[in-house]
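Engineer: Sharing a structure with you now.
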Amino acid sequence: MAPQAAQIKRYEDNNTTLSAYLSGQVQYVATGNPVVAAISRQNADKAPVPSFDAEGLAVLYRSEKNEPALKAKVDTLIEQGIKDGTLNGLSEKWLKAPLPASLGA
């Protein structure tokens, strides 16, 4: 996806990523909404604009094999949280964005 001339850099944490972006060391960042929100608060004129939405990427949770009761409970809680708006509220609060429409939010 990136041009051949692109230099891909990886930073150890969000603060280092934010610092590299704000200082002009990098032109683009792949990061989550909380980091973008932090950049916007600190430097509105340098706030990144979305150019690629990773909505289609899988979000997974892990449990031990052969734990059908646990899986059923987690699935029920997720479904309930989508229906009653709890998950969307948490997404707005912590990720600074609503749940994707593909989740039925």
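Engineer: Filter region 81-91 down to residues that are assigned to a helix (DSSP H, G or I) and loosely packed, with under 14 Cβ neighbours inside 10 Å and give me whichever is nearest to the chain's Cα centre (by Cα).
Structural biologist: Ranking the qualifying residues of region 81-91, first place goes to LEU90.
Engineer: Still on this structure: Out of region 20-52, which residues are of a type in the set (Ser, Thr, Tyr) and surrounded by 10 or more Cβ atoms within 10 Å (Cβ to Cβ)?
Structural biologist: TYR21, TYR28, THR31, SER40
Engineer: Restricting attention to region 24-51, which residues are in a helix (DSSP H, G or I) and of a type in the set (Phe, Trp, Tyr)?
Structural biologist: None; the set is empty.
Engineer: With respect to THR17, is the statement that it is surrounded by 13 or more Cβ atoms within 10 Å (Cβ to Cβ), in contact with a helix residue (DSSP H, G or I) (Cβ under 8 Å, 6 or more places away or on another chain) and at pLDDT below 90 true?
Structural biologist: Yes.
The values are calculated or read from the model by the stated rules, or taken from the named source; none is laboratory data. None of these values were measured; they are calculated from a predicted model. FYI the Cβ positions are ideal-geometry reconstructions off the backbone, even for glycines, and counts take in every protein chain you see.
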